[in-house]
Amino acid sequence: MRENSYDNFMRLKSRILPLLTAAALSAPLLGAVSSCGDDGQNPQQQKVSKRVRDKKAYALGGEHARKLLEYADDEGRVQDGLLDTRARISNINAKLGAQSAADYERGFTDYVRKNNDSLARIIF
């Protein structure tokens, strides 16, 4: 059983790692594109607390992570879920600010790290 679990983990890692690398490399580009509009607030100048301030955003991030982990064995759905999450973070940042976006992302990453550490090691 352990051998099979390890093989599944390694297969998942070998499939997802290149995609996550591409996503990580494209994240700065997405940030540059989304910050093209001038709304009077420069995202680089916004201060973000290390503590959770927006508990609703944090809880929503955890809820979306829970849904993602329901289909953790399906690589395609995990990839779609991660892209959805990145889009939500960008959308929350644009509509509610950097603090809410950071809290959403913290909620998401904390939940994944707590409930599926092997996937967390691949993603984060």
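Taking into account only those residues within the range 105-124 that are farther than 16 Å from LYS55 by Cβ and hydrophobic (A, V, I, L, M, F, W, C), which is most open to solvent (accessible area, probe 1.4 Å)? The extreme case among them is PHE124.
Quick one: count up the residues across the range 86-104 that are surrounded by fewer than 20 Cβ atoms within 10 Å (Cβ to Cβ), part of a helix (DSSP H, G or I) and either more than 11 Å from the chain's Cα centre (by Cα) or not aliphatic (A, V, I, L, M) (or both). Selection size over the range 86-104: 9.
Anything in the range 64-78 that is farther than 17 Å from TYR111 by Cα and either hydroxyl-bearing (Ser, Thr, Tyr) or open to solvent by less than 70 Å² (accessible area, probe 1.4 Å) (or both)? List them, or say none. Passing the criteria: ASP74, GLU75, GLY76.
Of all residues assigned to the range 64-71, none qualifies as being more than 15 Å from ASN116 (Cβ to Cβ) and either of a type in the set (Lys, Arg) or in a helix (DSSP H, G or I) (or both). If you filter the range 35-47 down to residues that are under 18 Å from GLN99 (Cβ atoms) and exposed (fewer than 15 other Cβ atoms within 10 Å of the Cβ), you find that the one that is modelled with the highest pLDDT is LYS47.
The values are calculated or read from the model by the stated rules, or taken from the named source; none is laboratory data. Just so it is clear, the model here is predicted, and its values are computed rather than measured. Don't worry about glycine lacking a Cβ; one is built from the backbone with ideal geometry, like all the others, and counts go over all protein chains shown. Accessible surface is based on the protein model in full, side chains and every heavy atom, while ligands, DNA and RNA are left aside. Shrake-Rupley method; radii C 1.70, N 1.55, O 1.52, S 1.80 Å.
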